[in-house]
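**Student:** Dumping the structure here so I can ask a few things about it.
The values are calculated or read from the model by the stated rules, or taken from the named source; none is laboratory data. Quick caveat: nothing in here was measured; it's all calculated off a predicted structure. Ideal geometry is used to build each Cβ from the backbone, glycine not excepted, and the neighbour counts take in all protein chains shown.
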Amino acid sequence: MVQFINGTEIFTEEGTTVLKAARNAGIHIPTLCYLEGINDVASCRLCVVEAEGEDALLTACSTPVREGMEIHTDSPRVISARRAALKLILASHEANCFICPKNGDCELQAVCREYGIEPEQYGRKSAPEKTRRFHPFLTYRPELCIHCERCVSTCEKATGRKAIGRGRAGLAAIIETPFGEGWDTSLCESCGNCAQNCPTGAIIERRRTKYRAWEVTKVRTTCPHCAVGCQMNLVVKDGRVVDVEGADGPSNRGLLCVKGRSGSFDFIDSPERIRTPLIKNPETGAFEPADWDTALDLVAEKFTAIRNTYGGEALAGFACSRSTNEDIYMLQKMVRTAFNSNNTDNCARV
Ligand code: SF4
Ligand code: SF4
Ligand code: SF4
């Protein structure tokens, strides 16, 4: 199908939305509620575009392209409508970017900047009293919630838990667990995907208050916890990992489980971490630090003795799924060639 976006001829497949067609062509249309494949409620109205022959503006995220459509994404009418939508969103948002943990990494703030709107100028000055929700890992601040429902859709469609939903109506609207039960005792499994997909500071990981966006660098890596191979960014401040965020990898598409997001970095600087091999003193029974050469010689000597006395079948090697493919390959190679045994496996296989 052929359409024209801002006068440029674009070819798209039938069923493609105006938003996707524009993005494929490198044309920017702002969104706050839209999340591809997860949330398409078309509530923020920021993606409105003008189509020739149509009286009303159309939401690009929910309108499929039609043959010959002529679309304008940045006409004066479109810009004016987006500015009005932003002011309406801000009317129920208690903006104070200076003290907000999301400052510098907030999608609402970024769109406001794009359209020359100060969040504090149009933000609600004193929101109706609503209680914050706490969780061992997360905080929900209703005064910052723009009710885009990205968190709700993420929990339902991406995480598959349905732990949170939209409760109450009008100004009292709030994101909460069914029947308002405790977040920590609900179906929530603490994955934090809702926080990662929240475009504002409304749901954040609690540790997020300890750094600001401009203080950190991000290092792409693979989650060390299991064999799924989720991609993640380590968030590093002053040489220390202070947070983790899901990155877009083929097996995780930006999502993480609780282990990847909250159980994969605290141990790095733990004083309890074992940093040298330990060898048990046969006289006292206590483990004592040793250097690597001594420890490896001892282990090799014991394995060799077992193999020579009982045969290779007495030995086995079981690799950990947290290891890399290369390390796991090396382990099975050692088992087959040094132990003379085929007793080797990997817990990732099960
Ligand atoms: S959520 Fe965004 S716009 Fe709102 S106060 Fe925080 S940084 Fe500012
Ligand atoms: S942390 Fe995960 S399971 Fe809990 S509410 Fe958020 S998305 Fe749902
Ligand atoms: S908590 Fe965040 S993601 Fe959820 S509805 Fe509010 S602003 Fe949207």
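**Student:** Select from region 135-180 the residues that are within 12 Å of ligand 3 (Cβ to nearest atom) and of a type in the set (Val, Ile, Thr) and write down the one among them that is nearest to Leu90 (Cα to Cα).
**Tutor:** Applying the filter and picking the extreme gives Ile146.
**Student:** A follow-up question, please. Quick one: which residue in Arg66, Arg113, Arg77, Arg23 is within 16 Å of ligand 1 (Cβ to nearest atom) and either part of a helix (DSSP H, G or I) or surrounded by fewer than 21 Cβ atoms within 10 Å (Cβ to Cβ) (or both)?
**Tutor:** Arg113 is the lone residue from the list that is within 16 Å of ligand 1 (Cβ to nearest atom) and either part of a helix (DSSP H, G or I) or surrounded by fewer than 21 Cβ atoms within 10 Å (Cβ to Cβ) (or both).
**Student:** On to the next question. Of these, Ile99, Ile10, Ile27, which one is among the β-branched types (Val, Ile, Thr) and at pLDDT 95 or above?
**Tutor:** Criteria check complete, one pass: Ile27.
**Student:** Out of region 105-114, which residues are over 12 Å from Arg208 (Cβ atoms) and either in contact (Cβ under 8 Å) with a residue 60 or more places away in the chain or touching a Cys at 6+ places or on another chain (Cβ under 7 Å) (or both)?
**Tutor:** Hits for region 105-114 are Glu107, Leu108, Gln109, Val111, Glu114.
**Student:** Further, regarding this structure: Taking the condition of being surrounded by 16 or more Cβ atoms within 10 Å (Cβ to Cβ) and over 21 Å from Ile204 (Cβ atoms), how many residues in region 229-260 meet it?
**Tutor:** Total satisfying the criteria: 2.
**Student:** Being away from ligand 2 (no atom under 16 Å from the Cβ), outside any loop (DSSP other than H, G, I, E, B) and aliphatic (A, V, I, L, M) is the requirement here; does Val152 meet it?
**Tutor:** No.
**Student:** Taking region 86-111, which residues are closer than 18 Å to Thr139 by Cα, more than 11 Å from ligand 3 (Cβ to nearest atom) and not charged (D, E, K, R)?
**Tutor:** Answer for region 86-111, where residues must be closer than 18 Å to Thr139 by Cα, more than 11 Å from ligand 3 (Cβ to nearest atom) and not charged (D, E, K, R): Ala95, Asn96, Cys97, Ile99, Cys100, Pro101, Asn103.
**Student:** Which condition number in (1) out of contact with any helix residue (DSSP H, G or I) (no Cβ under 6 Å at 6 or more places or on another chain); (2) aliphatic (A, V, I, L, M); (3) within 15 Å of ligand 2 (Cβ to nearest atom); (4) within 23 Å of Gly249 (Cα to Cα) is the one that Ile204 fails?
**Tutor:** (1)
**Student:** Just the residues that are closer than 22 Å to Lys259 by Cβ and either of a type in the set (A, V, I, L, M, F, W, C) or touching a residue at least 40 places away in the same chain (Cβ under 8 Å) (or both), please, taken from region 179-195.
**Tutor:** If the condition is that a residue be closer than 22 Å to Lys259 by Cβ and either of a type in the set (A, V, I, L, M, F, W, C) or touching a residue at least 40 places away in the same chain (Cβ under 8 Å) (or both), then Trp183, Asp184, Leu187, Cys188, Glu189, Ser190, Cys191, Gly192, Asn193, Cys194, Ala195 are the ones that fit.
**Student:** Restricting the first residue to region 196-210 and requiring it to be under 19 Å from Ser43 (Cα atoms) and of a type in the set (A, V, I, L, M), which pairs with a second residue that is more than 12 Å from ligand 2 (Cβ to nearest atom) and part of a helix (DSSP H, G or I) meet a Cβ separation below 6 Å and a spacing of at least six or different chains?
**Tutor:** Ala202/Leu144
**Student:** Here is a list: Ser190, Ser186. Which entry is among the polar types (S, T, N, Q), at positive phi, within 16 Å of ligand 2 (Cβ to nearest atom) and surrounded by 11 or more Cβ atoms within 10 Å (Cβ to Cβ)?
**Tutor:** Ser190
**Student:** Condition first: touching a Pro at 6+ places or on another chain (Cβ under 7 Å) and within 25 Å of Ala172 (Cβ to Cβ). Now tell me which residues in region 113-131 satisfy that.
**Tutor:** Lys130
**Student:** Another one. Exactly one condition in (1) surrounded by 15 or more Cβ atoms within 10 Å (Cβ to Cβ); (2) away from ligand 2 (no atom under 14 Å from the Cβ); (3) among the hydroxyl-bearing types (Ser, Thr, Tyr) is not met by Thr209; state its number.
**Tutor:** Condition not satisfied by Thr209: (1).
**Student:** Okay, next question. With (1) buried (at least 16 other Cβ atoms within 10 Å of the Cβ); (2) more than 16 Å from ligand 1 (Cβ to nearest atom) as the list, and Pro199 as the residue in question, which single condition is left unmet?
**Tutor:** Here Pro199 meets the rest and fails (2).
**Student:** So Gly37 passes all but one of these: (1) modelled with pLDDT of 95 or more; (2) under 26 Å from Asn197 (Cα atoms); (3) out of contact with any strand residue (DSSP E or B) (no Cβ under 7 Å at 6 or more places or on another chain). Which condition number does it fail?
**Tutor:** That leaves (1) as the condition not met.
**Student:** On the given criteria, is His93 modelled with pLDDT under 95 and within 19 Å of the chain's Cα centre (by Cα)?
**Tutor:** No; evaluated as a whole, the condition is false for this residue.
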